[in-house]
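Just so it is clear, none of the values below were taken in a lab; they were calculated from the coordinates. Note that the coordinates shown come from a computational prediction; the quantities given were computed from them, not determined experimentally. So basically every Cβ, Gly included, is an ideal-geometry build from the backbone, and we count neighbours across all protein chains shown.
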Amino acid sequence: MENLDLSFENIKKVYVGRDSGCRCGCHGKYTYTSHTNPTNSTVLAGCIINDRRVKSTITRAKNLLENGEGKITDSMKSYVNISYGNDRAICFYYEN
Ligand SMILES: [Zn+2]
């Protein structure tokens, strides 16, 4: 069963970028929510914390899924990956 939870409060960070290949950030960007503790060691130095951007990305993902452009291509307890367009992805990561 697909785990699609796009509630802002549960999201830790979001990746927007290339769908295939490396996810270190070289082909996309991670944006963190402010409720993710920025002093946590899992949050990389120089990361972007921007609630408004995360919220607009949630809206964009919902629109992509509704209009059929995007689809869930991977879904785990800790994340959900939505693929769209030409090798593009939005991936939401959840609080542990
Ligand atoms: Zn990389």
#### Entry: Value at 222 nm in deg cm²/dmol, rounded to 500, when DSSP H runs of n ≥ 4 in the chain each add -39,500 (n - 2.57)
-5500 deg cm²/dmol
### Task
For helix 51-66, report the angle its Cα long axis makes with the longest principal axis of the Cα atoms of the chain; keep it between 0 and 90° and round to the nearest 10°.
10 degrees
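Rounded to the nearest 5, what % of DSSP beta bridges with both residues in region 8-94 are antiparallel? Don't jump to the answer; show the numbers that get you there.
Working: 22 of 24 bridges.
So the antiparallel bridges in region 8-94 amount to around 90 percent.
Sum up the charges of everything whose Cβ sits under 9 Å from the Cβ of Thr36, counting Lys and Arg as +1 and Asp and Glu as -1, but leave Thr36 out.
On the way: positive: Lys12, Lys13; negative: Glu95.
Result for the neighbourhood of Thr36: +1.
Defining a contact as two alpha carbons under 8 Å apart and six or more residues distant in sequence, what relative contact order in percent does the chain show? The partial results should precede the final answer.
Details: 151 pairs, mean separation 34.7, N = 96.
That works out to 36 percent.
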### Task
Extending each Cα 7 Å along its Cβ direction at Asp74 and Asp87, get the distance between those two points in nm, one decimal.
1.5 nm
### Task
Using the 2.2 N^0.38 Å rule of thumb for compact globular proteins, work out how the chain stacks up: its C-alpha Rg over that value, please.
1.01
